[in-house]
Structures are given as C-alpha cells and as structure tokens.
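As structure tokens, the structure follows; a few thoughts come after it.
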Amino acid sequence: MKKKSAFMAGLVDGLPICFGYLSVSFAFGIFAVGSGLTVWETLFISMTNVTSAGQLAAVPIITLGGTLAELASSQFVINLRYALMSISLSQRLDGSMTLPHRLAVAFVNTDEVFAVAASRPELVGKRYLYGLILTPYLGWSTGTLVGAAVGDLLPAFLTSALGIAIYGMFLAIIIPKAREDRPTAVCVVLAAVLSCLFRYVPLLSRVPSGFVIIICAVAASVVMAIVSPIPEKAQGESEVAEDA
Amino acid sequence: MHSFWIYLLVMAGVTYLVRMLPLVLVKKKITNRFLLSFLYYIPYAVLSVMTIPASLYATGSLATAAVGVAVALVLSWRKKSLIVVAAGAVAGVLCAYLVITYLLPALG
C-alpha cells in the first residue's frame, strides 16, 4: 500500500511539470518544423533527448549542416548542468534505486524533475521517481508532436508568438535565482554581454551558434568560479551529509 | 552535412551520458571548490546566453518580442511558475501584435 502511494505521490508532483512542458515542447515542435525538420524527426529528438535548451541549440546545427563535433560539444556544455544535478540526485536515492533504475531515471533527469525530486525531505525511491517522470515525459513528447504536426495550421502571428514561450521558461529559471544570489546575477549579465558580442561584433558573429553558447557560458562560469567561488557548504550534497 | 540519424544518435548519446554517468558512478562527495563553483554557475550562464539576445528575434518582430520578454521579466521577478511566465510572455507578444497591427493604423 505504501509502495503504491509513493508512485501516486510522484505522479501528482509531476503533473505541474507536465503542463509546463506541454506548452514549451509545443513551441519547440513549431520551431523545429519551421527550421526544416520533419514532424517525425522533431518528435524523435524530443523522445530521445528530453531537454529544452539542448534541443533548441541542436536544431540550427542540424538544419544548417553543422559538424558532429559542434553538435556534440554544444550538447555537452549546454547539458553539463545535468551532470551536477545527477551528482546531487545520486546522494538522495534510497536503496531501491539499483543500477537498472538509475540507468532509466537518468534518461528523464530534467531541471524541473531534479528540482522536485531533490526538494523532497526524505530519500527518494524508484516508485516515486517513476511516478514523477511519467507525465513530464509524455507531456514533452505529446506537446512536441502536436506543435510539429499542426503548428502550421495556426495563424502565423500565433505561432510566432508561441516562439517566445521557451524563452519565458528560461527566464522563469534564471530570474528568481539571480534575484536571490548576487554572484549568479553577475554571471547571468556577464554571459549575456558575451552573447551579444558574438551576435553583433562583425568577425565574432561568424562563429557557429553551438560554439558561441559553449564559449560564453564556460567563460562566464570560469570567471565567476574564480572571483566568487561558492561557500564551502552551499551545495545540496552537504545537506545530505548533515542528515546522515 | 550528415544524415539526420547520425545527428540524433550523437545528441541523444551525449545528453544521456552526461545525465547517466554521474548518477551511476558518483559514490562520494565532490570537494573541489572550483569545480563545484563552475558547476553551480554553468546552468544560469547557459540559459542566459541562449536567451539574450535570441529571445528578441523569436517572434520575427523586435517590438512584439521585446514586450513578451518584458512581461516574462516582470512575472519571473515575482517568482511566478514556469507555465505562468511562458504563457504571460506569449500573451504579451499577442497584445503587442494586435496593438501594432490594428490599433496604431486605426489611430492613423
């Protein structure tokens, strides 16, 4: 009985994430098809990647015939944050999370899934996590398919308006954090300034978009890690250590 | 230029390995402060680079996109949820579009 309720608790916690993903993945579907991918290619990208920022950056690389090195390195850097989240999550798992389950859950360890799972007061097990990732995964896939398939049936002004949704989601992640943490705010501004330089300065603007993301994000993060390293006990792992 | 399937394999493979390897391999705490700090900042730096200035070109109109971004900034500053901020940005763009397309010409 307790096992069943753990799954249900995860399911309930996942629903808000699912609804958020529906709108964002809908916009991604429109964007990818508008960039030249087919409906099925777009769906396969969402079903195998489940990552907004990485997918968004990959589409122009694919449609413009970029190199595999550019694609791989952009995905690596953009998705590097998941490594931190997986490291943090690895210390919050209970004994039911054996190797096969870790292999499965890692597939859908998105920003929002991680944030919800890591904020649970107790260690989380496989039933809770499977409940948690189920609807976000379906929402991400379904929204992408619908956006890709019928996005062009919508009036042009509406689909172009939906293009802003994914950036709204990014701002919803960035701004609250930057508001609370001054060094993060500085990092965000620094990264934005570098990004603008690569957009508007003549020679720099020729650098492929995948590399621009890598260069700017790594530069801003390295600078901030040097001038404003985080306090020794600021990480999620230390909380677990205190609980233990 | 490569086959779509090669691109798909590379991006899905890299994304999965980045998520999976730490979850499976990391057994003890990371203690290197520089590495922890770098990993702490990288998500926000990435999202910032992707959002600015690209979001201003997301709708095909600098004016409507700027309104959408402004609405998103206000809502996210007030710590609204992901879906509220995203929907608010879209609504802002639509309102700006209607004003620019219908109201301003009507006013002459």
Any hit, the stretch A:135-148, residues being outside any helix (DSSP H, G or I), within 12 Å of chain B (Cβ to nearest Cβ) and modelled with pLDDT of 90 or more: no
Quick check on the stretch A:40-47. Is at least one of its residues within 17 Å of A:I133 (Cβ to Cβ) and more than 7 Å from chain B (Cβ to nearest Cβ)? yes
When the residues of the stretch A:118-168 are narrowed to those that are basic (K, R) and in contact with a Ser or Thr (Cβ under 9 Å, 6 or more places away or on another chain), which ends up surrounded by the most Cβ atoms within 10 Å (Cβ to Cβ)? A:K126
From the option list A:G54, A:G95, A:G36, single residue qualifying as of a type in the set (G, A, S), surrounded by 24 or more Cβ atoms within 10 Å (Cβ to Cβ) and free of Cβ contacts under 8 Å to residues at least 60 places away in the same chain is A:G54
Answer yes or no: is there a residue in the stretch A:95-107 that is at pLDDT 90 or above, under 21 Å from B:I52 (Cα atoms), more than 7 Å from every other protein chain (Cβ to nearest Cβ) and not in a loop (DSSP other than H, G, I, E, B). no
Does A:V33 qualify as being part of a helix (DSSP H, G or I), of a type in the set (V, I, T) and more than 10 Å from chain B (Cβ to nearest Cβ)? yes
Which fully enclosed helices (runs of 4 or more DSSP H) of the stretch B:42-108 have 1 or more residues being in contact with a Phe, Trp or Tyr (Cβ under 8 Å, 6 or more places away or on another chain) and modelled with pLDDT under 90? B:82-98
Output for the stretch B:70-108, where each listed residue is touching a Gly at 6+ places or on another chain (Cβ under 6 Å) and within 7 Å of chain A (Cβ to nearest Cβ): B:A72, B:L82, B:I83, B:V85, B:A86, B:A89, B:V93
(1) outside any helix (DSSP H, G or I); (2) within 17 Å of B:I6 (Cβ to Cβ); (3) touching a residue at least 12 places away in the same chain (Cβ under 8 Å): which one isn't true of A:G65, the others all being true? (3)
Residue selected from the stretch A:149-168 under the condition in contact with a Phe, Trp or Tyr (Cβ under 9 Å, 6 or more places away or on another chain), at the interface with chain B (Cβ under 7 Å from one of its Cβ atoms) and not polar (S, T, N, Q), by the criterion farthest from A:I45 (Cα to Cα): A:F157
Which of the residues that make up the stretch A:215-241 are under 20 Å from A:S86 (Cβ atoms) and either assigned to a helix (DSSP H, G or I) or at pLDDT below 85 (or both)? A:A217, A:V218, A:S221, A:A225, A:A234, A:Q235, A:G236, A:E237, A:S238, A:E239, A:V240, A:A241
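Quick grid of which residues meet (1) within 7 Å of another protein chain (Cβ to nearest Cβ); (2) of a type in the set (F, W, Y); (3) touching a helix residue (DSSP H, G or I) at 6+ places or on another chain (Cβ under 6 Å):
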| position | (1), (2), (3) |
| --- | --- |
| B:H2 | yes, no, no |
| B:W5 | no, yes, no |
| B:L9 | no, no, no |
| B:V14 | yes, no, yes |
| B:V26 | yes, no, yes |
| B:F34 | yes, yes, yes |
| B:P43 | yes, no, yes |
| B:V49 | yes, no, yes |
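The values are calculated or read from the model by the stated rules, or taken from the named source; none is laboratory data. Note that the structure is a prediction, hence the values are computed from the model and not measured. FYI the Cβ positions are ideal-geometry reconstructions off the backbone, even for glycines, and counts take in every protein chain you see.
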